[in-house]
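Bear in mind that the values in this text are calculations on the coordinates, not laboratory data. Computed from a predicted structure; not experimentally measured. Neighbour counts run over all protein chains shown; Cβ positions are idealised from the backbone, glycine included.
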Amino acid sequence: MGLNLTKNYSVNFSIPKRTKQQIKFIIIHYTGMKKEIAAIKRLTEPGTKVSAHYFIKNNGDIISLVPDLYEAWHAGKSKWGSYNLINKYSIGIEISNPGHNLIYKNFNSRQINSLKKLLKRLIKNYQIKTKNILGHSDIAPNRKIDPGEKFPWKKLAKNNLSHWHTLNEKTIKKLRNKKISLINENQFIKNLYKIGYAKYDRKSIIKAFQRKYRQSLINGKIDEECFVISKNLLKS
């Protein structure tokens, strides 16, 4: 499985090198910038204090910005499960997309095909669990919403490249907007903590969950559909 990588190394990374065993997560971002070349410049210029390990361009080309065993600066203040400051334990992938503040668009097939190849390599090299392939909004839900509701988590899951539920979409949609008891609402939040979401404010983590697993409606409200999905994720 060949990957056509070009190198454009950033000076924004931490030393010393990590061990392979320290790498537990893959974090996916969008650039949130109008021009691709400006995004690459920002991720590589001294002083910006941001970087990622990989950049996937609009045409599907992949740029290596920081070698895997060095800590890139992509996650910021972040938590998942028992892990804090996820930069230390992750590989960051930036995908060119203007994002919500500009003209948020679908990730194109060339980008996703390249991402699949890259994820397969990283999963193999570092024994990454699919449940640890996350979006920036998962690990920093109080301040980030990328890669957003247009990112194809379900499609990746069909290739064993992300975590997804095993429920029938048409069946669970019938549960949408159905109220649940206060006991089950509290259990839903507990389920999110068990999945890995940190104890940020409720609305932030509910929306982060919905951006990934219920992308057609992100309202920050707990309903029976969300509750059932959360239970299934803990089983799968």
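Points to keep in mind about this one:
- Evaluating kT/(6 pi eta Rh) at 4 °C and 1.567 mPa s, with the Kirkwood radius of segment 120-182 over Cα pairs in the Stokes-Einstein relation, gives 93 µm² s⁻¹.
- Label-to-label distance, nm, for residues given as Asn219 and Lys17 (7 Å Cα→Cβ offset): 5.2
- Of interest is the spacing of the C-alpha centroids, which for segment 64-92 and segment 130-209 amounts to 21 Å.
- Taking a ≥ b ≥ c as the square roots of the Cα gyration tensor eigenvalues, segment 1-157 comes out rounded, since a/c falls below 1.5.
- Antiparallel %, DSSP beta bridges [both residues in the chain], to 5: 30
- Pairs from Lys129/Lys178; Lys20/Lys117; Lys105/Lys131; Lys35/Lys150 whose Cα-Cα separation, in the structure shown, is over 31 Å: Lys129/Lys178
- Dipole magnitude for segment 55-173: computed about the Cα centre from +1 point charges on Lys and Arg Cβ and -1 point charges on Asp and Glu Cβ, it is near 400 debye.
- Choice from Asn59, Asn84, Asn168 showing the highest fluctuation, given a GNM over the chain with Cα pairs closer than 10 Å: Asn168
- Candidates Ser137, Ser14, Ser82: whichever shows maximal mean-square fluctuation once the chain is modelled as a Gaussian network with Cα springs under 10 Å: Ser82
- Cβ-Cβ FRET estimate between Lys131 and Asn184, R0 fixed at 22 Å, reported to 0.05: 0.45
- Altogether, the Stokes-Einstein calculation at 4 °C and 1.567 mPa s, with the Kirkwood radius of segment 74-228 over Cα pairs as Rh, returns a diffusion coefficient of 79 µm²/s.
- Fraction of alpha-carbon pairs over 15 Å apart in segment 169-235 - percent: 45
- Counted charge near Ser230, where neighbours are those whose Cβ lies closer than 12 Å (Asp, Glu -1; Lys, Arg +1): +2
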